[in-house]
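The values are calculated or read from the model by the stated rules, or taken from the named source; none is laboratory data. Given the structure is predicted, the values throughout are model-derived calculations rather than measurements. So basically every Cβ, Gly included, is an ideal-geometry build from the backbone, and we count neighbours across all protein chains shown. For the accessible areas, the whole protein counts, side chains as well, though only heavy atoms, and no ligand, DNA or RNA atoms are used. Shrake-Rupley method; radii C 1.70, N 1.55, O 1.52, S 1.80 Å.
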Amino acid sequence: MTREFEGKVALVTGASRGIGRATAIKLAQERCKLALAYASNDAAALEVKALCEVAGSPLVQLFKFDVADAAACAKATDDVLAAFGGLDILINNAGISIDGLILRYKPADLEKTLQTNLSSAFHLSKAAARAMLRKGGAIVNVTSVVGEMGNAGQSAYAMAKAGLIGLTKSLARELGSRSIRVNAVSPGFVETDMTKELPEAAKTAMVSAAALGRVGTAEEVAEAIAFLASARAAFITGEVMRVNGGLYM
Ligand code: NAP
């Protein structure tokens, strides 16, 4: 342990499961104070809170809200600031995928996909940037290989994830003068709840297309997120770091 995040406060969305859970634990190991956000899974969130406390975080609190709701994002950020006295790191990780071919895709599913994966990052970055204006900070958005290369049956999800890259680069330019760095991590095929229902044929195709020939772990993605959030990445902003095992390069 290097205590890399000692004295820092991070808000991690989608912290109850998968990549967000692994990121929270990684930051906790480095002594980060943690605001862990999730949608509905209380049991999973409580488990991550306990794991983060054991891992070494001096302060962990749970924040249950829908990231697709702009007002809820603003309120949650205010609540984090009231509880922790500041905010240094925002990890926009919460996401969903509602897959389907465009000819049958429902407008309501498009709206939900865009609001949960993309607008959420806009709303939370807006609220976080205000809190970071004086001392600087780091924002890491979790996009996807699908946003970079496209995928049949995932046009809505790809739109949202490609949008996150535009948001990342624009905010990096807009907030750089305030020492707020904005980067993205773009995972490939990672074993989590999100991917466990995928048909075997789709999984096999993705594994064989990746240079490393295997799926990734949430912990491997968390390493990249933690790096970009840390002072080790002090001169990196507007970057999209691929963690995809060579699926797309
Ligand atoms: P996951 O295991 O399905 O976990 C999703 C997390 O997001 C959960 O903590 C969930 O909270 C939260 N969440 C979902 N909808 C929410 C909402 N409306 N408001 C607040 N929180 C919400 O997902 P994952 O695989 O770890 O994915 C994390 C991120 O990585 C996503 O942005 C995803 O698109 C991206 N990604 C994943 C992969 C992959 O292969 N897994 C690849 C590329 C990119 P609850 O537990 O309360 O439901």
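Name, by its number, the condition in (1) under 21 Å from Arg181 (Cα atoms); (2) open to solvent by 50 Å² or more (accessible area, probe 1.4 Å) that does not hold for Gly86.
So Gly86 meets the others, but not (2).
Show the residue pairs meeting these rules: Cβ distance below 7 Å; 6+ apart or different chains; first residue within the stretch 53-64 and acidic (Asp, Glu) and at pLDDT 95 or above; second residue surrounded by fewer than 14 Cβ atoms within 10 Å (Cβ to Cβ) and outside any strand (DSSP E or B).
none
Taking only the stretch 29-53 into account, find how many residues are in contact with a helix residue (DSSP H, G or I) (Cβ under 8 Å, 6 or more places away or on another chain) and of a type in the set (A, V, I, L, M).
Here the count works out to 7.
For Ala71, state whether it is more than 18 Å from the chain's Cα centre (by Cα), more than 14 Å from the ligand (Cβ to nearest atom) and at pLDDT 95 or above.
The answer is no for Ala71.
Where residues in the stretch 239-249 are assigned to a loop (DSSP other than H, G, I, E, B) and open to solvent by 80 Å² or more (accessible area, probe 1.4 Å), which of them is farthest from Cys32 (Cα to Cα)?
First, the residues of the stretch 239-249 that are assigned to a loop (DSSP other than H, G, I, E, B): 239, 244-249.
Now drop any that are not open to solvent by 80 Å² or more (accessible area, probe 1.4 Å), which leaves 239, 249.
On the way: Glu239: 23, Met249: 32 Å.
The selected residue is Met249.
Does the stretch 65-83 hold any residues that are of a type outside the set (Asp, Glu), surrounded by 14 or more Cβ atoms within 10 Å (Cβ to Cβ) and touching a residue at least 12 places away in the same chain (Cβ under 8 Å), and which are they?
Here is the first cut: in the stretch 65-83, the ones of a type outside the set (Asp, Glu) are 65, 67-68, 70-77, 80-83.
Pick out the ones that are also surrounded by 14 or more Cβ atoms within 10 Å (Cβ to Cβ) and you get 65, 67-68, 70, 72-77, 80-81.
Phe65, Val67, Ala68, Ala70, Cys73, Ala74, Ala76, Thr77, Val80, Leu81, listed by residue number.
With the condition kept exactly as written, say whether any residue in the stretch 217-238 is of a type outside the set (A, V, I, L, M), in contact with a Pro (Cβ under 8 Å, 6 or more places away or on another chain) and either in a strand (DSSP E or B) or within 23 Å of Ala162 (Cβ to Cβ) (or both). Outline the logic, then answer.
First, the residues of the stretch 217-238 that are of a type outside the set (A, V, I, L, M): 217, 219-220, 223, 227, 230, 232, 235, 237-238.
From what's left, in contact with a Pro (Cβ under 8 Å, 6 or more places away or on another chain): none.
No; the residues of the stretch 217-238 include none that is of a type outside the set (A, V, I, L, M), in contact with a Pro (Cβ under 8 Å, 6 or more places away or on another chain) and either in a strand (DSSP E or B) or within 23 Å of Ala162 (Cβ to Cβ) (or both).
Output the residue which, of all residues in the stretch 211-225 that are over 15 Å from the mean Cα position of the chain (by Cα) and hydrophobic (A, V, I, L, M, F, W, C), is most open to solvent (accessible area, probe 1.4 Å). Explain how you work it out, then say what you get.
To start, the set of residues in the stretch 211-225 that are over 15 Å from the mean Cα position of the chain (by Cα) comprises 211-216.
Right, trim to hydrophobic (A, V, I, L, M, F, W, C) and you get 211-212, 215.
Values: Ala211: 77, Leu212: 115, Val215: 36 Å².
Within the stretch 211-225, the match that is most open to solvent (accessible area, probe 1.4 Å) is Leu212.
Suppose we keep only residues that are assigned to a loop (DSSP other than H, G, I, E, B) and loosely packed, with under 14 Cβ neighbours inside 10 Å within the stretch 28-58. Which one would you say is farthest from the chain's Cα centre (by Cα)? Give the derivation first.
Applying the first criterion (assigned to a loop (DSSP other than H, G, I, E, B)) to the stretch 28-58 yields 30-32, 39-41, 56-58.
Still in the list and also loosely packed, with under 14 Cβ neighbours inside 10 Å: 40, 58.
Numbers: Ser40: 17, Pro58: 22 Å.
Only one residue fits best here, namely Pro58.
Within the stretch 129-166, can you find the residues that are away from the ligand (no atom under 13 Å from the Cβ) and buried (at least 17 other Cβ atoms within 10 Å of the Cβ)? Spell out how you get there, then give the answer.
At the first step, the residues of the stretch 129-166 found to be away from the ligand (no atom under 13 Å from the Cβ) are 129-139, 150, 152-153, 155, 166.
Hits for the stretch 129-166 are Ala129, Ala131, Met132, Gly137, Ala138, Ile139, Ser155.
Any idea which of Ala138, Ala162, Ala156 is among the hydrophobic types (A, V, I, L, M, F, W, C) and over 16 Å from the mean Cα position of the chain (by Cα)? It would help to see each step written out before you state the result.
Numbers: Ala138 fails: over 16 Å from the mean Cα position of the chain (by Cα); Ala162 fails: over 16 Å from the mean Cα position of the chain (by Cα).
None of the other options fit; the residue is Ala156.
Got a sec? Which of Arg3, Arg104 is over 24 Å from Glu223 (Cβ atoms), more than 17 Å from the chain's Cα centre (by Cα) and more than 8 Å from the ligand (Cβ to nearest atom)?
Working: Arg3 fails: over 24 Å from Glu223 (Cβ atoms).
Being over 24 Å from Glu223 (Cβ atoms), more than 17 Å from the chain's Cα centre (by Cα) and more than 8 Å from the ligand (Cβ to nearest atom) holds for just one of Arg3, Arg104, which is Arg104.
Could you please find all residues in the stretch 181-210 being among the aliphatic types (A, V, I, L, M) and under 17 Å from the mean Cα position of the chain (by Cα)?
Of all residues in the stretch 181-210, those among the aliphatic types (A, V, I, L, M) come to 182, 184-185, 190, 194, 198, 201-202, 205-207, 209-210.
If the condition is that a residue be among the aliphatic types (A, V, I, L, M) and under 17 Å from the mean Cα position of the chain (by Cα), then Val182, Ala184, Val185, Val190, Met194 are the ones that fit.
Please pick out the residue among Ile25, Ile98 that is in a helix (DSSP H, G or I), within 14 Å of the ligand (Cβ to nearest atom) and surrounded by fewer than 24 Cβ atoms within 10 Å (Cβ to Cβ).
Numbers: Ile98 fails: in a helix (DSSP H, G or I).
Result: Ile25 is the single residue among Ile25, Ile98 that is in a helix (DSSP H, G or I), within 14 Å of the ligand (Cβ to nearest atom) and surrounded by fewer than 24 Cβ atoms within 10 Å (Cβ to Cβ).
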